[in-house]
1. Under 5 Å between amide hydrogens, which residues at least 5 positions from residue 25 or on another chain qualify, with H placed 1.01 Å from N in the peptide plane?
2. What number comes out for accessible area per residue over the chain if the probe is 1.4 Å? Units Å², please.
3. Please state the charge dipole magnitude for segment 41-102, taken about the Cα centre, from unit charges on C-beta atoms (+1 on K and R, -1 on D and E), reported in debye and rounded to the nearest 20.
4. Would you mind checking which residues have amide H under 5 Å from residue 30's amide H? H placed 1.01 Å from N; only 5 or more apart, or other chain.
5. Net charge near residue 174, counting Lys/Arg +1 and Asp/Glu -1 over other residues with Cβ under 14 Å of its Cβ?
6. Out of residues 5 or more away from residue 60 or on other chains, whose amide H comes under 5 Å of its own, with H placed 1.01 Å from N in the peptide plane?
7. When the Cα centres of segment 1-52 and segment 68-84 are compared, how far apart do they sit, in Å?
8. Give a residue-ordered list of calculated ³J(HN,Hα) values for segment 26-39 (Karplus: 6.51 cos²θ - 1.76 cosθ + 1.60, θ = phi - 60°; whole Hz; x for Gly, Pro).
Amino acid sequence: MQVPEVEAKPWDEFLTWFGGVWDPGDHLAVIAPTGAGKSTFCVGVLNLRNYVLAFDPKGGDSTLRGSGWPRLPRWPPPSEVYKDMREHRPYRAIVGPATKLVSDLPKQRGIFQIALEGAFNDGGWTVYVDELQLMADRRMMGLATDVERMLISARDKGLSVVTAYQRPANVPRTASDQATWVAISYTRDRDVVDRVAEMLGRPKPEIRGALNGLDPFSWVVVGRNPRMPLVITRPREITRQSEDAPQ
């Protein structure tokens, strides 16, 4: 088995490093099975960016709620948000209303579609799409085309997209092909490992070797530059806020 060059970085050191190499317009794909901590990893990384829109198709993700970001239930944002951005004050928000009933889904989908278009037209945002398969599946929200347009065309606008999903096979191929960076947690799914290696142009044994023996909730972060080492890190857990906390 080929042994990859791997660097282990504590979380704070990783964030300093990744903040220096993750350029505006670079997309990040976060791939892991349910319960591996995708949202925890993403919230930590998204705090590196000043202007974040986190799309919450589950309508009440506990980790996103634990971020402390306000919920933006409609689009466009209040005018004072754009004023803050012009004055270089950070703004990070969870997009979409909290949902509890199936009857809430059409309204949520409509807001997501408008907000995706608005973020694309604005430029400069970092857009996080949690559980991409829910956004993309035509039986759910059917927004695959909207997300793909952003992934393909956003680079010139300095707009980055972070997508989180369980398997590349479950989402539009664009999410993998357009990613400059991939974060992957331990998995026994050979198809996932092989697809990650293919989309990054890395040898398959290299990716498998990095994942072997990976601790639970740790991540391997890989870039398209084949001369860059694979980086392993483990994010800190996010303290969840209660359901009654202000949104």
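The values are calculated or read from the model by the stated rules, or taken from the named source; none is laboratory data. None of the values given here were measured: they were computed from a predicted structure. Don't worry about glycine lacking a Cβ; one is built from the backbone with ideal geometry, like all the others, and counts go over all protein chains shown. Areas reflect the complete protein model, heavy atoms only, side chains present, ligands, DNA and RNA absent. Shrake-Rupley method; radii C 1.70, N 1.55, O 1.52, S 1.80 Å.
1. 159, 160
2. Per-residue accessible area for the chain comes out at 47 Å².
3. On the way: 10 positive and 5 negative charges, 14 e Å.
Dipole magnitude for segment 41-102 comes out near 60 debye.
4. 163, 164, 165, 183
5. So the environment of residue 174 carries a net charge of +1.
6. So residue 60 has HN proximity to 99.
7. Segment 1-52 and segment 68-84 have Cα centres spaced 25 Å from each other.
8. Each residue's phi maps through the Karplus curve to give 7, 9, 10, 10, 10, 10, 6, x, 4, x, 7, x, 4, 5 Hz.
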